[in-house]
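Novice: Have a look at the structure that comes next, please.
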Amino acid sequence: MPEGAFFVIMVTKIVVVFGLMLLSVSYLTWLERKVIGDIQVRLGPMRVGPHGLLQPIADAIKLLFKEEIVPQAADRTLYLLAPAIALVPAFISFAVIPFGDQVRFFGQTIDLVITDVNIGLLYVFGVASLGVYGIVLGGWASNNKYALLGGLRSSAQMISYELSLGLSVIGVVMLSQSLSLVEIVGAQTRMWFILLQPVGFLIFLICAVAEVNRAPFDLPEAETELVAGFHVEYSSMKFAMYFMAEYANMITVSAMTTTLFLGGWRGPWLPPVVWFLIKLYLLIFLFIWLRGTLPRFRYDQLMRFGWKVLLPVALANIVVTAVFVALR
Amino acid sequence: MIWLIPVIPLAGSLVVGLIGRRMPRMLVAVIACGAATCSLMLSAMSFARLLLLPVEGRQLRASLGSWIASGDFSVSFGFLFDPLSAIMALVVCGVGLLIHIYSIGYMTEDRDYPRFFALLNLFLAEMLILVLADNYLLLFVGWEGVGLCSYLLIGFWFERPAAASAGTKAFLVNRIGDGAIVVGLIWMILLFGSLDFRSVLMDAPTVLAYGSVTASILTLLLFIGATGKSAQLPLYVWLPDAMEGPTPVSALIHAATMVTAGVYLIARSAPLFQLAPLSLDIVAWIGGLTALYAASIALVQTDIKRIIAYSTISQLGYMFLGLGVGAYAAGVFHLMTHAFFKALLFLSAGSVIHALAGEQDMRRMGGLRKYLRVTAWSFLVGALANAGIVPFAGFWSKDEILAAAYASGHWPLWAIGCLTALGTGLYMFRLYFLTFEGRSRLDAHTLGHIHEAPWSMRLPLVLLALGSATVGFVGVPPGSGRLQQFLGQVFPVSAHEVAIEPSVEAVLAVTALAMAIGGIVVAYRYYLVDPHRPETLAARYPTLYRTLFHKYWIDELYDAAVVRPTVNAARTLSEVFDARMVDGTVNGVAALVNRIGSLLRRLQTGQVPAYVLSIVVGAVVLLGYLAFSG
Amino acid sequence: MEWLMFVPLAAMALITATLVIVLRNPVYCALSLVGTFFALSGIYLLLQAQFIAVIQVIVYAGAIMVLFLFVVMLLDLGHERPLWLQRDRPRLLIGVGAVVLLLLELVIPVGSWTARVPQGSSTSELMGGVGNTQLVGRLLFTEFLVPFEITSVILLIAIIGAMVLARR
Amino acid sequence: MTATVPLSAYLILSAALFVIGVAGVLIRRNVLVIFMAIELMLNAVNLTFVAFARFLRSMDGQIIVLFVMAVAAAEVAVGLAIIIALYRNKESANVDEINLLKG
């Protein structure tokens, strides 16, 4: 493949993927409001466009034109930087997730993944572990007691759950013998890993919810106790960036779950990309469903659950898987 | 597999020693005896494997890995099972097992039952290491180990001052010999660059010239060690005192096994000794003189264990005599037969002591045969074997030694041997007659309590008696018996070894036998028919009698020449040097440290940055030196 | 090509490292240190140590520094006085002098050492074939198994120790 | 692929980072920042290990770095716990005020 073509394909892939992601993020807000509305037996947004379909655009315009407020006692630099720090990791971890098989296009064989790194899984974890900085720094820089508490909670929560998250996928790695996400998908040709790793899948899902700070693990925000937590002082576009980060994280995490446990883009009849999107959106629907149904954890319950239930179970899962792999 | 032979008793010793106190006594005995049994069976199996091998290659080796590796020099934990080791291991395990069993009965009253068995097992392990080692250093480990066990077992009843000091004496006297061995080993490393039997003994003829001074001194150093462990002149003094230990210990360690370690060492080093005719002569003469000397002392002693102890020294003298005239196989043969009959004698004596509740003075015994039938019979067999009466074991081996002495041209040594045979018959049967025959001199109270020993003591007696009666036949005909052939490949062909006419040999044998029988007859007439005659004899030659009775005043001589000056010097040192110089230095150093400390205390600000700064400055200086010095 | 990557990364590492010890606000110090770690991670990639590079990010940036930030925020430490206004000038001077000397001593021998570096068995091709992570893993679970197990014990001890120390 | 950047460049960078760490330990007063400077020194050494691993073509250096990281993590956990305990007692994170070691 000539250098130039490679470059063009790469840029195209990046633009397409991130464009689609931005679009998804904005329409996820609509989807969430609609689904929650249904769960709560109301209609949700209906005014802007048919069934409120233009609502995201209206929101974007509103947020763009709102006034930027920086609290006087805030640490200005970090206050401005924090939302961006939160947003970037949410997007770039998508770079190694394969969303389809190879396709032939203009005589070129194109992998439907931005880049296949042989340590893709580690890359995702590395990037994900940085997401917490945006929240912690935002909370601290606001110089607001609630925000700081939200930030501290968030850091403790994410460190605790990242552990179980990492341990839960070791079973998958042991089965697929690779850290490359493309190869992990390849290893699920015969059977999805959810069937071989049901416990790992469950732990991964729970930890994923905690990682993206969604209900029932949304303690950093916790409207009822921390009045929105770390982003209580944020407004306008910076608030929007936190918002986008949350949804982008949701997409990434769902995509990861799909790739690791649900066979990625694999499926019969339909084109791979479609299968990938179906699984992705089912998981996102699950996220919204959870938010609509489950009450929030108390902080001590959250910590105890993470350290005393998830971690031991994840370890036991590794042991069982190891024995299984060794005997195979 | 052969490495298991010493390891099993070692494990048994650990188990019994560490948790034996919490076990029932029965279990302790079972574990200890079981370990000895395992070793015996393994030895027997290895022996069988050895016999299946072709004659030239009869040896088994096992290496447990490297012990010391320093440059070219290395020592391994290696074991060697060749005919010599095989005989030794079988004797050690066989006699050891019987004595273990005997101890079950003998020590049954003792409070420290587990400790006794732990030490007995430990001794067995160390002795097996000694005889199975494939290099001098590992042999020395066993050597020191058995010395330690001997010390601990002599002083087993350490509440008794006599036992404690006897243990100390044994340890200290042995130390002299051990020191000589250490010097010898170091020299051996310098000469051969190795301590391995194979390389040392193979290289010996090329490294050392025949009759060279080096060879003589090296072998004499080993021999000094052997005189310490095997109680030869002049280092024999500890053995009679060692009788303070329990009787099974005397039987196992101070008669059958440990004291023969010196004999084993010299037999093992035969190729070295072969290069040093002077050393061989010294060995032979020391052995012969010791034999006669100890026999003469034994004539007048009254403690039954002590008589047997002096008899042991005397018999060991025979063995060295045999080694010294180049009849290594004969020496080892006598070692083997001696192990049987001397263990038997000790155990029988123990049985008597047991029956008489601790009485050891035979002036207060007599006529015991009626009460202790098994003991008396087995003692009689032992005494006959010891005296060298045909066809008991001792006859064959002693006869072979004397024949070799005569054949090698050392006729004075042969004469000494014959004289000793006379003494042996005399003291052995003096002991037998005074103890078991004649009128009873016991008081009524003891007489009422007298009882034959339990089965666990009788069984070893009977087995050993059978052995003492028959084991000599493995060495028949003299000079070319199965044992000698079996051992033949280990030993170099002696320069002295001269074919001897059968008729001459027969004459020699009959002479020695006649001497021994003469001794017995004298003993019969003096001690049984006319018990007063010895007293008149003693009264007629008071100086001779007292000299013998006081063991030539050797103990007193040592005390005056060595012990007391040492103690006095130590006292002077402790009062002057210790109090003034050592204490002064120590206190002075402490005071100095105190003063410096109170000065340095000011540096201790407690502030971390200051410490860090000093660390960094130190690192800078050090790194600077490294970086700029090259 | 490699210089093109190395120079910016090295510059970033040096600048952020300097910021760590110069900035007065501990939170900024911590963030600068994160920057240093990222730069080092990049350099590790340059050195074909992909696994180490990612672990560097996960462990140092993702876990250790978050912990630092957590503690800094929890204790709410104030700003330090600027360096040049601090007491104890002599110690500062000695310290700076020592550090300069240390740098010289560390750098000077480099030239002579690098000339003498012997080339070992090639792993460059091996890494292409098997992959860096697999190589590391294989070594870790064969040759370095005992140290690896000991490390896990150390971590366990550290967890327990931290809990004992920090509980009220 | 040949390395155009020589080993010495990496070593010099590492030395510079190490010295910056040392300087940080010496001139800072805040225990936490001193701690960070120590981490910096550890990383400088790690860089040396990785560089040597690359140029000596041996993986051992990278393995050592993994161990260093594990030990560093343990060290941070315990160190921060100590700092928190210290802060509770002294209400300060200034090393000048921490002199419990004074003899």
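The values are calculated or read from the model by the stated rules, or taken from the named source; none is laboratory data. Quick caveat: nothing in here was measured; it's all calculated off a predicted structure. In this analysis, Cβ positions are derived from the backbone assuming ideal geometry, glycine residues included, and neighbour counts consider all displayed protein chains.
Novice: Let me spell it out: the conditions are (1) more than 7 Å from every other protein chain (Cβ to nearest Cβ); (2) among the hydrophobic types (A, V, I, L, M, F, W, C); (3) farther than 22 Å from C:VAL20 by Cβ, and D:VAL45 meets all of them except one. Which number is the exception?
Specialist: (3)
Novice: Of the conditions (1) polar (S, T, N, Q); (2) closer than 30 Å to B:HIS354 by Cβ; (3) out of contact with any helix residue (DSSP H, G or I) (no Cβ under 9 Å at 6 or more places or on another chain), B:THR206 satisfies every one except a single condition; which number is it?
Specialist: Of everything listed in (1) polar (S, T, N, Q); (2) closer than 30 Å to B:HIS354 by Cβ; (3) out of contact with any helix residue (DSSP H, G or I) (no Cβ under 9 Å at 6 or more places or on another chain), B:THR206 misses just condition (2).
Novice: Follow-up question, since we're still on this one. Does A:GLY166 count as crowded, with 23+ Cβ neighbours inside 10 Å, modelled with pLDDT of 85 or more and within 15 Å of A:ALA314 (Cβ to Cβ)?
Specialist: Spelling it out, it is not the case that A:GLY166 is crowded, with 23+ Cβ neighbours inside 10 Å, modelled with pLDDT of 85 or more and within 15 Å of A:ALA314 (Cβ to Cβ).
Novice: Those residues that are closer than 15 Å to D:ILE83 by Cα and more than 7 Å from chain C (Cβ to nearest Cβ), I need them from segment D:18-38; list them, please.
Specialist: Of everything in segment D:18-38, those that are closer than 15 Å to D:ILE83 by Cα and more than 7 Å from chain C (Cβ to nearest Cβ) turn out to be D:VAL31, D:ILE34, D:PHE35, D:ILE38.
Novice: Among the candidates B:GLY317, B:GLY326, B:GLY287, single out the residue that is surrounded by 24 or more Cβ atoms within 10 Å (Cβ to Cβ), among the small types (Gly, Ala, Ser) and not in a helix (DSSP H, G or I).
Specialist: Result of the check over B:GLY317, B:GLY326, B:GLY287: B:GLY326.
Novice: Within segment B:57-73, which residues are over 21 Å from B:LEU40 (Cα atoms), in contact (Cβ under 8 Å) with a residue 60 or more places away in the chain and in a strand (DSSP E or B)?
Specialist: B:TRP67, B:ILE68, B:PHE73
Novice: Among A:PHE297, A:PHE285, A:PHE201, which is part of a loop (DSSP other than H, G, I, E, B) and touching a residue at least 40 places away in the same chain (Cβ under 8 Å)? If you could, list the steps in order and put the result at the bottom.
Specialist: Working: A:PHE285 fails: part of a loop (DSSP other than H, G, I, E, B); A:PHE201 fails: part of a loop (DSSP other than H, G, I, E, B).
Only one candidate passes the filter, namely A:PHE297.
Novice: Inside segment B:22-54, can you point out the residues that are in contact with a Phe, Trp or Tyr (Cβ under 9 Å, 6 or more places away or on another chain) and of a type outside the set (Gly, Ala, Ser)? So that I can check it myself, show each step before the final result.
Specialist: Narrowing segment B:22-54 to residues in contact with a Phe, Trp or Tyr (Cβ under 9 Å, 6 or more places away or on another chain): B:25, B:28-29, B:31-33, B:43, B:46-47, B:49-51.
Selection gives B:ARG25, B:VAL28, B:ILE31, B:CYS33, B:PHE47, B:ARG49, B:LEU50, B:LEU51.
Novice: Given the options C:MET65, C:MET12, name the one that is within 9 Å of chain A (Cβ to nearest Cβ), within 30 Å of C:LEU135 (Cβ to Cβ) and modelled with pLDDT of 85 or more.
Specialist: Just a single option satisfies the conditions, and that option is C:MET65.
Novice: Right, another one. Condition check: among the hydrophobic types (A, V, I, L, M, F, W, C), more than 14 Å from chain B (Cβ to nearest Cβ) and in contact with a helix residue (DSSP H, G or I) (Cβ under 8 Å, 6 or more places away or on another chain). Does D:ALA15 satisfy that?
Specialist: It is false that D:ALA15 is among the hydrophobic types (A, V, I, L, M, F, W, C), more than 14 Å from chain B (Cβ to nearest Cβ) and in contact with a helix residue (DSSP H, G or I) (Cβ under 8 Å, 6 or more places away or on another chain).
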